[in-house]
Amino acid sequence: MNSRWIDIEAQDGGCFKGYLSLPHQVEKRGKGPGIVLIQEIFGVNSHIRAVADQYASDGYTVLAPDIFWRMQPMVDLGYGPEDFQKGIGYMQNMDFASGVKDLAATVAALRGLPECTGRVASIGYCMGGMLSYLCAANAGVDAAVCYYGGGIHTRLAEAAKIKCPVLFHFAGNDSYIPAAAVEAVKQTFAGREGARIDVYPGVDHGFNCWDRPAYNQQSAALARGRSLSFLATTISQAPQHE
């Protein structure tokens, strides 16, 4: 993979890191639509970097920003109980308004890269799923994918600001997101063109992460296929004919 860490300038001063993963063909003048990939509470860890590389292998230019940089730069946690509690602590102490501004800065930085064709989507998981939703409302993305975003139901007033296509993935047996919260999201987006909500029966929160006990291969593959199809119709440019 062609990947590296880059600096991203914050809107209010300072800078933070982002993990950039480029399409395979970049050395042959290849470039692709952009994805801002938003971490879980565990930081831009080995799993998130692998997911970035995975989407880069599909031809996307992917940038995963270090969302916790204002508290602790370059957080990189595992999935054991101690790291889980550390991650919860970071999330509880995070300034989400500043986080959304940092994501808007990330979107702008990604659009400015020569390897990006210009259109950018956000994809986020867990805490990142909520942030991807807030990106759709506030950060100027062209599309958003939200995997089991906890707390979205508490920010549904933001939905009126969302003009881009948005795809939600929810776990049917989520131990962190109650069914009533998913239903509230469904009702808010009912009849909205470009909005899709998929619920995966019998799986728990975090089903996309192959490093977590909740991983479910079938649901993860189905959700990834739907995400790729969504991205292909929202941010991917039509092929140029010779």
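Read the figures in this text as sums done on the coordinates, not as results from a lab. Every value quoted in this text rests on a predicted model; they were computed, and no experiment measured them. In this analysis, Cβ positions are derived from the backbone assuming ideal geometry, glycine residues included, and neighbour counts consider all displayed protein chains.
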Fill in: 5 angstrom amide H check on GLY118, placed H, neighbours 5+ away
GLY34
Discussion item. Could you order the peptides 156-162, 97-103 from most to least packed, using the average number of other C-beta atoms within 10 Å per residue?
Written reply: 97-103, 156-162
Practice prompt. Give me the number: length gained by fully extending GLN25 to LEU228, i.e. 0.36 nm times residue separation minus the C-alpha to C-alpha distance, one decimal in nm.
Written response: 71.2 nm
Practice prompt. Could you sort 183-193, 110-120 so that the peptide with the highest average Cβ count within 10 Å comes first and the rest follow in order?
Written response: 110-120, 183-193
Response to the item:
Treating only Lys and Arg (+1) and Asp and Glu (-1) as charged, each at its beta carbon, one finds that the chain has a dipole about its Cα centre, in Debye to the nearest 20, of 500 debye
Worksheet item: Expressed as a rounded percentage, what relative contact order does segment 2-234 have, with Cα pairs under 8 Å and six or more residues apart?
Response: 15 percent
Fill in: Long-range amide H partners of TRP5 with built H, under 5 Å
LEU20
Worksheet, complete the sentence: In whole Hz, the Karplus estimates of ³J(HN,Hα) for segment 61-72 (6.51, -1.76, 1.60; θ = phi - 60°; x where Gly or Pro) are 9, 10, 10, 10, x, 7, 5, 8, 4, 5, 9, 7
Worksheet item: Taking θ as phi - 60°, what are the ³J(HN,Hα) couplings along segment 145-151 by the Karplus curve (6.51, -1.76, 1.60), each to the nearest whole Hz, with x for Gly and Pro?
Response: 10, 10, 8, 5, x, x, x
Response to the item:
Other residues with Cβ under 15 Å from the Cβ of PHE42 give, with Lys and Arg +1 and Asp and Glu -1, a net charge of -3
Response to the item:
Quick calc of log₁₀ I(q)/I(0), the chain, Debye, one scatterer on every Cα, no solvent, q values 0.14 1/Å, result -0.86
